[in-house]
Amino acid sequence: MADLRLFNIIVLGFSFMLIFTAFQTCSMVEKTVLDSAGGFSGHAYTSLGILYAVFSISNWAAPSFVTAAGPRVSLFFGSLLYVLFVASFLKPMVWALYLGSVLVGFGAAVLWTAQGNFLTINSNAETVARNSGIFWALLQCSLLIGNLYSYFVFQGKSEISESERTKLFAALTGAGLLGSLCLLILRRPRVDDTDNVLNLNARTICSCCSAIHSPPSPLATLKRSFQLLRTKEMMLLSLAFAYTGLELTFFSGVYGSSISHNQHFGSEANGLLGISGIFIGVGEILGGALFGLLGKKTNAHGRDPIIVLGYVVQITAFFLIFLDLPQNSPIDLTNQPTYITSNKYVAILCSFLLGFGDSSFNTQLYSILGFMFPEDSSPAFALFKFVQSIAAAVAFYYSNVLLLEWQLLILVVMGTLGTMGFNIVEWSCTRASRSGYQSI
């Protein structure tokens, strides 16, 4: 049983690595690629904004879909919609760009809901932290592979030709399709209720917890989601959820475009786009290893120090980006003066810091949600993705018009609020845990 479940986790992580090698590389280079397609009137940020808007709405329907189809079928279905979106860039068309954004938004909700469900049924109290760490590390390897390829394709070029675009997206489509096919070899574990129940000592200790119950119906899960959304704890955590959505938009779409638009980097600008993605991935993987695989040790002093570390790291990155890049670089090619001489090494350092900080926030949010809502994990994580994706959609829309300085200011304000909200909930849970209090 243990070997079968570990096999499933490794296959799941490897499949997501391939799928998101395709998708994350696509989202990072989307604006640069579309800007290089002559006469194309579609907007990359609008496309990504539609994607995350549909993703946010679809999170309410995805649990019912997964319940009806099962996690393995849902994983395969959702992954195919990702592959279709990436394939649409082989020949960019406005209608295909926006239709693909709608489809992949729904596919993302189904895929991630099914992923959480499948990870849960293949874990128990002793293996859930390890399995989450393995999955996270494999997933974030996607940032290395795709961006390393795009670096060699774009290196030394100021524009991306049709043949270069075709080579890149043919390779990305192939990687995504291979990842989808790998999901077909996932095996159904034999469920042993006594083995799969998470440690009851970690049962929810806040006022919004619920008693252990049998698996709810899709309608009951939806009702529970609305109930959780109204609780003080979830409202405070939603500040952190929203921040992760804003900074996801920034490092996955805006920052790479800002680097490639910076004419101070000359012919290296598009090549730096791939290197930036690689170092974001390095930061994500390092954070996943430290806070996921070694979670028992790093959590010994609570989750709040890790959140504060991630906050400080990202605020440092935002300040360096403010100094290093032109203020209109998210929107168009520019050679505007900067506060310091634009330095490619500073830009790449910021990429690493962004990835490490993102990993700090996400691993601790997964940890606190699993701790606080062990019997309501599906609606709790659905709310996480709902708020995160709404924030990401909003950020992609304002990324079309706001200068870099204003985008960074929004991130600083929301990062501060998100860190405060998380810490208030963490301290409340710590006090309740130490006093031995447990509500039903």
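The values are calculated or read from the model by the stated rules, or taken from the named source; none is laboratory data. Model, not experiment: these values are computed from the prediction. All Cβ positions, even for glycine, are placed from backbone atoms using ideal geometry, and neighbour counts span all protein chains on display. Only protein heavy atoms, including side chains, enter the accessible area calculation; ligands, DNA and RNA are left aside. Shrake-Rupley method; radii C 1.70, N 1.55, O 1.52, S 1.80 Å.
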Query raised in the report: Looking at the range 198-296, what helices (runs of 4 or more DSSP H) fall wholly within it and have at least 3 residues that are at pLDDT 85 or above and open to solvent by 10 Å² or more (accessible area, probe 1.4 Å)?
Result: 232-249, 269-288
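Hey, among the residues in the range 47-66 that are in a helix (DSSP H, G or I), of a type outside the set (Gly, Ala, Ser) and open to solvent by 20 Å² or more (accessible area, probe 1.4 Å), which one's nearest to Ala175 (Cα to Cα)? Walk me through how you get there before you give the answer.
Residues of the range 47-66 that are in a helix (DSSP H, G or I), as a first pass: 47-58, 62-66.
Subset that is of a type outside the set (Gly, Ala, Ser): 48, 50-52, 54-55, 57, 63, 65-66.
Add one more test, that the residue is open to solvent by 20 Å² or more (accessible area, probe 1.4 Å), and what stays is 50, 52, 54, 57, 63, 65.
On the way: Ile50: 24, Tyr52: 23, Val54: 24, Ile57: 28, Pro63: 27, Phe65: 26 Å.
By that ranking, first place goes to Tyr52.
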Report summary line: Pairs returned, first residue in the range 364-393 that is charged (D, E, K, R), second residue that is modelled with pLDDT of 85 or more, beta-carbon separation under 8 angstrom, 6 or more apart or interchain, are Lys385/Phe55; Lys385/Ala109; Lys385/Trp112
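Checking the structure you have, find out if any residue of the range 5-21 is aromatic (Phe, Trp, Tyr), modelled with pLDDT under 90, in a helix (DSSP H, G or I) and out of contact with any Pro (no Cβ under 9 Å at 6 or more places or on another chain).
Of all residues in the range 5-21, those aromatic (Phe, Trp, Tyr) come to 7, 14, 16, 20.
Filter again for modelled with pLDDT under 90, leaving none.
No; the residues of the range 5-21 include none that is aromatic (Phe, Trp, Tyr), modelled with pLDDT under 90, in a helix (DSSP H, G or I) and out of contact with any Pro (no Cβ under 9 Å at 6 or more places or on another chain).
Looking only at residues in the range 322-350 that are outside any loop (DSSP other than H, G, I, E, B) and closer than 16 Å to Trp406 by Cβ, which one is most open to solvent (accessible area, probe 1.4 Å)?
Going residue by residue through the range 322-350, those that are outside any loop (DSSP other than H, G, I, E, B) are 322-324, 334, 344-350.
With closer than 16 Å to Trp406 by Cβ added as a condition, the list becomes 322-323, 334.
Values: Phe322: 58, Leu323: 34, Thr334: 7 Å².
So, considering only residues that are outside any loop (DSSP other than H, G, I, E, B) and closer than 16 Å to Trp406 by Cβ, the one most open to solvent (accessible area, probe 1.4 Å) is Phe322.
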Query - Every pair of residues 6+ apart whose Cβ atoms lie under 7 Å, when the first sits in the range 239-255 and is within 21 Å of Gly421 (Cα to Cα) and without any contact (Cβ under 8 Å) to a residue 24 or more places away in the chain while the second is open to solvent by 10 Å² or more (accessible area, probe 1.4 Å) and outside any helix (DSSP H, G or I) - result: none
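Can you name the residue in the range 392-407 that is open to solvent by 10 Å² or more (accessible area, probe 1.4 Å) and part of a helix (DSSP H, G or I) and is also nearest to Asn335 (Cα to Cα) among such residues?
Taking the range 392-407 as the starting set, the residues that turn out to be open to solvent by 10 Å² or more (accessible area, probe 1.4 Å) are 394, 397-398, 400-403, 405-406.
So of that shortlist, the ones also part of a helix (DSSP H, G or I) come out as 394, 397-398, 405-406.
On the way: Val394: 27, Tyr397: 24, Tyr398: 22, Glu405: 16, Trp406: 19 Å.
Per the stated criteria, the residue is Glu405.
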Query raised in the report: Going through the range 67-112 one residue at a time, which ones are open to solvent by less than 60 Å² (accessible area, probe 1.4 Å), in a helix (DSSP H, G or I), more than 19 Å from Ala53 (Cα to Cα) and without any contact (Cβ under 8 Å) to a residue 24 or more places away in the chain?
Result: Ala69, Ser88
